[in-house]
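**Q** I have a structure here, written as structure tokens, and I will follow up with some questions on it.
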Ligand code: 4AD
Ligand code: MG
């Protein structure tokens, strides 16, 4: 006998006299039909039990969530809903799941409830589909870069520098929190700490990735990043994964082309490789839509939305144009924005981003050339002296998906910007060296992986697209 996965058996064209399968019971109907799932696919395989010749105590143990081992014959299905099924010849319960205790019963559970049971939630169709998509998306990302001549670089997770300059970092320290060593003027003496300096979990691998771009040419990082911002929103995590390509001799338009091509590639990849999961999630969303008032319903289904992004150009709009559009927009004039747009130079809030993408352009938008003083120190200053070569890519339903820029490659300009922001040169001496020796135009961006998974799966809360979300006041599991 050979052990198969559900996926393998469902794609068998031939009848097989002897198959073996292990999985978890999804449902057991009429003391006869087991819907069995092993995670290999969204679909279950039906296993037909000969209940008349099966011990009653054994039948009682076939409950939702139980792990079982089945041997039998794969035949064409007699019933509707599946092509093949297994006629069970022997059945073992490997692990019981008592119905009075097992939380994941075959009924509709709220996502809040499932979040509290995140260790078991991938036993539901929705979460297993989301996580298979997450896995294949990350494979597609590596494949894209590998196929396009990029090298994968592992940037450090513990770092001494604040790449984004936002100061929202998690400290990494071995000092005694109750009684830390102090300097003469009473500050905590980090020279006595493990690394001999203050260190944190990284907010971005970009600065280190730049060093490799300036030697290996085309590189990317794809790893966890950490932000201690206290934003309890459906789009923020304290620990999330970021994809950051960095390319030497590439300018901002090249950066936009790369981001657009890359995103279209990974969306195409999952449409081709995860169709059943996407079909399931699309149906889930359609059902959810039916419960909403007409005005709030989406005009596109999940798969239509993915195809729309693949088939259409992203709109490229400068910050200055965007401000004009927003200033003259209906919600601004009718004072519907919480943060009204009055002057050039303000940072855009998510209400503004959503207006641009969802109401005005109705497609992904690349906003570029932002005011220098709302963006990080490393972005290249434009000749106007007040904007930088930044780009943000905004997606419908998500808002900011990508943040990137052409980097400031001129030593003197970079030093001036750092001085203006009180960033000590000693801290980033190695970063400045890149501008001293063989400097060149280079660019890159960061894509928030979970926001991409949200877009692809149609999930509306970022906590539902990462296995074990870390958010303020929450690090369970
Ligand atoms: O815009 P950000 O802060 O850009 C950077 O970190 C640059 N160093 C990237 C680069 O140029 N190499 O973050 C990039 C993306 C955002 O657009 C967003 O998608 C995601 O990371 N992101 C978050 N995702 C989940 N939770 C959070 N708290 C996030 N903060 C940023
Ligand atoms: Mg950003």
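The values are calculated or read from the model by the stated rules, or taken from the named source; none is laboratory data. In this text the structure is predicted, and so the values were computed from the model without any measurement. Using ideal geometry, Cβ is built from the backbone for each residue, glycine included, and neighbour counts are taken over all protein chains shown.
**Q** Taking the residues in the stretch 427-451 that are farther than 27 Å from residue 198 by Cβ and within 16 Å of ligand 2 (Cβ to nearest atom) as candidates, determine which candidate is surrounded by the most Cβ atoms within 10 Å (Cβ to Cβ).
**A** First, the residues of the stretch 427-451 that are farther than 27 Å from residue 198 by Cβ: 437-443, 445, 447, 449-451.
Among the residues that remain, those that are also within 16 Å of ligand 2 (Cβ to nearest atom) are: 443, 445, 447, 449-451.
On the way: 443: 29, 445: 27, 447: 23, 449: 22, 450: 23, 451: 23.
This residue is 443.
**Q** Before we move on, is residue 285 buried (at least 16 other Cβ atoms within 10 Å of the Cβ), in a loop (DSSP other than H, G, I, E, B) and either within 16 Å of ligand 1 (Cβ to nearest atom) or in contact (Cβ under 8 Å) with a residue 40 or more places away in the chain (or both)? Outline the logic, then answer.
**A** Numbers: buried (at least 16 other Cβ atoms within 10 Å of the Cβ): yes; in a loop (DSSP other than H, G, I, E, B): no; either within 16 Å of ligand 1 (Cβ to nearest atom) or in contact (Cβ under 8 Å) with a residue 40 or more places away in the chain (or both): yes.
Taking the combined requirement at face value, the residue does not satisfy it.
**Q** Considering only residues that are closer than 22 Å to residue 387 by Cα and in contact (Cβ under 8 Å) with a residue 24 or more places away in the chain, which ones fall in the stretch 305-329?
**A** Of everything in the stretch 305-329, those that are closer than 22 Å to residue 387 by Cα and in contact (Cβ under 8 Å) with a residue 24 or more places away in the chain turn out to be 314, 315, 316, 317, 318, 319, 320, 322, 325, 326.
**Q** Only residues that are within 11 Å of residue 157 (Cβ to Cβ) and within 16 Å of ligand 2 (Cβ to nearest atom): list them for the stretch 205-226, please.
**A** Initial filter on the stretch 205-226 (within 11 Å of residue 157 (Cβ to Cβ)): 205, 208, 221, 223-226.
Result: 205, 225, 226.
**Q** If you go through the stretch 214-239 one residue at a time, how many are in contact with a helix residue (DSSP H, G or I) (Cβ under 9 Å, 6 or more places away or on another chain) and either outside any strand (DSSP E or B) or surrounded by fewer than 19 Cβ atoms within 10 Å (Cβ to Cβ) (or both)? Steps first, answer last, please.
**A** If we filter the stretch 214-239 for residues that are in contact with a helix residue (DSSP H, G or I) (Cβ under 9 Å, 6 or more places away or on another chain), which is where we start, we get 214, 218-222, 233-237.
After this cut, where a residue has to be either outside any strand (DSSP E or B) or surrounded by fewer than 19 Cβ atoms within 10 Å (Cβ to Cβ) (or both) as well, the list is 214, 233-237.
Total meeting the criteria: 6.
**Q** Please go through the stretch 51-73 and give me each residue that is in a loop (DSSP other than H, G, I, E, B) and modelled with pLDDT of 95 or more, ordered by number. Full working, then the answer.
**A** Initial filter on the stretch 51-73 (in a loop (DSSP other than H, G, I, E, B)): 54-55, 61-66.
Residues satisfying the conditions are 61, 62, 63, 64, 65, 66.
**Q** Another one. For residue 384, state whether it is assigned to a loop (DSSP other than H, G, I, E, B) and without any contact (Cβ under 8 Å) to a residue 12 or more places away in the chain. Walk me through how you get there before you give the answer.
**A** Numbers: assigned to a loop (DSSP other than H, G, I, E, B): yes; without any contact (Cβ under 8 Å) to a residue 12 or more places away in the chain: yes.
Yes: the conditions hold for residue 384.
**Q** Also, I was wondering about something else. Check whether at least one residue in the stretch 324-346 is modelled with pLDDT of 95 or more and within 16 Å of ligand 2 (Cβ to nearest atom), and report yes or no.
**A** Yes, the stretch 324-346 contains a residue that is modelled with pLDDT of 95 or more and within 16 Å of ligand 2 (Cβ to nearest atom).
**Q** Further question on the same structure: For the stretch 380-390, does any single residue satisfy the condition of being within 24 Å of the chain's Cα centre (by Cα), within 13 Å of ligand 1 (Cβ to nearest atom) and over 16 Å from residue 318 (Cβ atoms)?
**A** Going through the stretch 380-390, the residues within 24 Å of the chain's Cα centre (by Cα) turn out to be 390.
When the remaining residues are screened for being within 13 Å of ligand 1 (Cβ to nearest atom), the result is 390.
Now drop any that are not over 16 Å from residue 318 (Cβ atoms), which leaves none.
No: the stretch 380-390 contains no residue that is within 24 Å of the chain's Cα centre (by Cα), within 13 Å of ligand 1 (Cβ to nearest atom) and over 16 Å from residue 318 (Cβ atoms).
**Q** Something else: Report yes if residue 350 is surrounded by fewer than 22 Cβ atoms within 10 Å (Cβ to Cβ), more than 15 Å from ligand 2 (Cβ to nearest atom), within 24 Å of the chain's Cα centre (by Cα) and assigned by TED's automatic domain parsing to the domain that holds residue 324, otherwise no. Walk me through how you get there before you give the answer.
**A** Details: surrounded by fewer than 22 Cβ atoms within 10 Å (Cβ to Cβ): yes; more than 15 Å from ligand 2 (Cβ to nearest atom): no; within 24 Å of the chain's Cα centre (by Cα): yes; assigned by TED's automatic domain parsing to the domain that holds residue 324: yes.
For residue 350, the condition - surrounded by fewer than 22 Cβ atoms within 10 Å (Cβ to Cβ), more than 15 Å from ligand 2 (Cβ to nearest atom), within 24 Å of the chain's Cα centre (by Cα) and assigned by TED's automatic domain parsing to the domain that holds residue 324 - is not met.
**Q** Determine whether residue 374 is surrounded by fewer than 17 Cβ atoms within 10 Å (Cβ to Cβ) and under 24 Å from residue 246 (Cβ atoms).
**A** Details: surrounded by fewer than 17 Cβ atoms within 10 Å (Cβ to Cβ): yes; under 24 Å from residue 246 (Cβ atoms): yes.
The answer is yes for residue 374.
**Q** Just one of the numbered conditions (1) more than 30 Å from residue 373 (Cβ to Cβ); (2) buried (at least 19 other Cβ atoms within 10 Å of the Cβ); (3) touching a helix residue (DSSP H, G or I) at 6+ places or on another chain (Cβ under 8 Å) is not true of residue 175; which one?
**A** For residue 175, the failing item is (2).
**Q** From the set of residues in the stretch 139-192 that are within 16 Å of ligand 2 (Cβ to nearest atom) and touching a strand residue (DSSP E or B) at 6+ places or on another chain (Cβ under 8 Å), which is farthest from residue 453 (Cα to Cα)? Full working, then the answer.
**A** Just the residues of the stretch 139-192 that are within 16 Å of ligand 2 (Cβ to nearest atom), to begin with: 162-169.
Narrowing the set further to residues that are touching a strand residue (DSSP E or B) at 6+ places or on another chain (Cβ under 8 Å) leaves 162, 169.
On the way: 162: 26, 169: 24 Å.
The qualifying residue farthest from residue 453 (Cα to Cα) is 162.
**Q** Every residue in the stretch 288-304 that is within 14 Å of residue 129 (Cβ to Cβ) and free of Cβ contacts under 8 Å to residues at least 60 places away in the same chain, please. Walk me through how you get there before you give the answer.
**A** Quick first cut of the stretch 288-304, residues within 14 Å of residue 129 (Cβ to Cβ) only: 302-303.
The one that is within 14 Å of residue 129 (Cβ to Cβ) and free of Cβ contacts under 8 Å to residues at least 60 places away in the same chain: 303.
**Q** Could I ask something else about it? Please work out if residue 246 is touching a helix residue (DSSP H, G or I) at 6+ places or on another chain (Cβ under 8 Å) and not in a helix (DSSP H, G or I).
**A** Numbers: touching a helix residue (DSSP H, G or I) at 6+ places or on another chain (Cβ under 8 Å): yes; not in a helix (DSSP H, G or I): yes.
Judged against the criteria, residue 246 is a match.
Yes/no matrix, rows are residues, columns are (1) in contact (Cβ under 8 Å) with a residue 24 or more places away in the chain; (2) crowded, with 19+ Cβ neighbours inside 10 Å; (3) under 33 Å from the mean Cα position of the chain (by Cα):
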| position | (1), (2), (3) |
| --- | --- |
| 5 | yes, no, yes |
| 12 | yes, no, no |
| 25 | yes, yes, yes |
| 50 | yes, no, no |
| 76 | yes, no, no |
| 85 | yes, yes, no |
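**Q** Would you mind stating whether residue 261 is assigned to a helix (DSSP H, G or I), loosely packed, with under 15 Cβ neighbours inside 10 Å, within 16 Å of ligand 1 (Cβ to nearest atom) and at pLDDT 95 or above? If you could, list the steps in order and put the result at the bottom.
**A** Numbers: assigned to a helix (DSSP H, G or I): yes; loosely packed, with under 15 Cβ neighbours inside 10 Å: yes; within 16 Å of ligand 1 (Cβ to nearest atom): no; at pLDDT 95 or above: yes.
Against the criterion (assigned to a helix (DSSP H, G or I), loosely packed, with under 15 Cβ neighbours inside 10 Å, within 16 Å of ligand 1 (Cβ to nearest atom) and at pLDDT 95 or above), residue 261 does not qualify.
**Q** Suppose we filter 76, 85, 116 for residues that are outside the structural domain of residue 264 (by TED's automatic domain parsing), modelled with pLDDT of 95 or more and touching a strand residue (DSSP E or B) at 6+ places or on another chain (Cβ under 9 Å); which single one remains?
**A** Values: 76 fails: modelled with pLDDT of 95 or more; 116 fails: touching a strand residue (DSSP E or B) at 6+ places or on another chain (Cβ under 9 Å).
Result: 85 is the single residue among 76, 85, 116 that is outside the structural domain of residue 264 (by TED's automatic domain parsing), modelled with pLDDT of 95 or more and touching a strand residue (DSSP E or B) at 6+ places or on another chain (Cβ under 9 Å).
**Q** If I ask for residues that are in contact (Cβ under 8 Å) with a residue 12 or more places away in the chain and either within 29 Å of residue 271 (Cβ to Cβ) or surrounded by 14 or more Cβ atoms within 10 Å (Cβ to Cβ) (or both), which ones from the stretch 90-115 would you list? Steps first, answer last, please.
**A** Restricting attention to the stretch 90-115, the residues satisfying the condition of being in contact (Cβ under 8 Å) with a residue 12 or more places away in the chain are 90-99, 102-106, 109, 111, 114-115.
Residues satisfying the conditions are 91, 93, 96, 97, 102, 103, 104, 106, 109, 111, 114, 115.
**Q** Quick test of your reading of the structure: residue 141 fulfils all but one of (1) in a helix (DSSP H, G or I); (2) surrounded by fewer than 18 Cβ atoms within 10 Å (Cβ to Cβ). Name the failing condition by number.
**A** In the conditions (1) in a helix (DSSP H, G or I); (2) surrounded by fewer than 18 Cβ atoms within 10 Å (Cβ to Cβ), residue 141 misses (2) alone.
**Q** Looking at (1) assigned to a loop (DSSP other than H, G, I, E, B); (2) without any contact (Cβ under 8 Å) to a residue 24 or more places away in the chain, can you tell me which one residue 332 breaks?
**A** Among (1) assigned to a loop (DSSP other than H, G, I, E, B); (2) without any contact (Cβ under 8 Å) to a residue 24 or more places away in the chain, residue 332 violates only (1).
**Q** Something else about it: Note down all Cβ pairs under 8 Å where the first residue falls in the stretch 163-191 and is within 16 Å of ligand 1 (Cβ to nearest atom), the second is in a strand (DSSP E or B), and they're at least six residues apart or on different chains.
**A** Pairs found: 169/200; 169/201; 169/226; 170/200; 170/201; 170/226.
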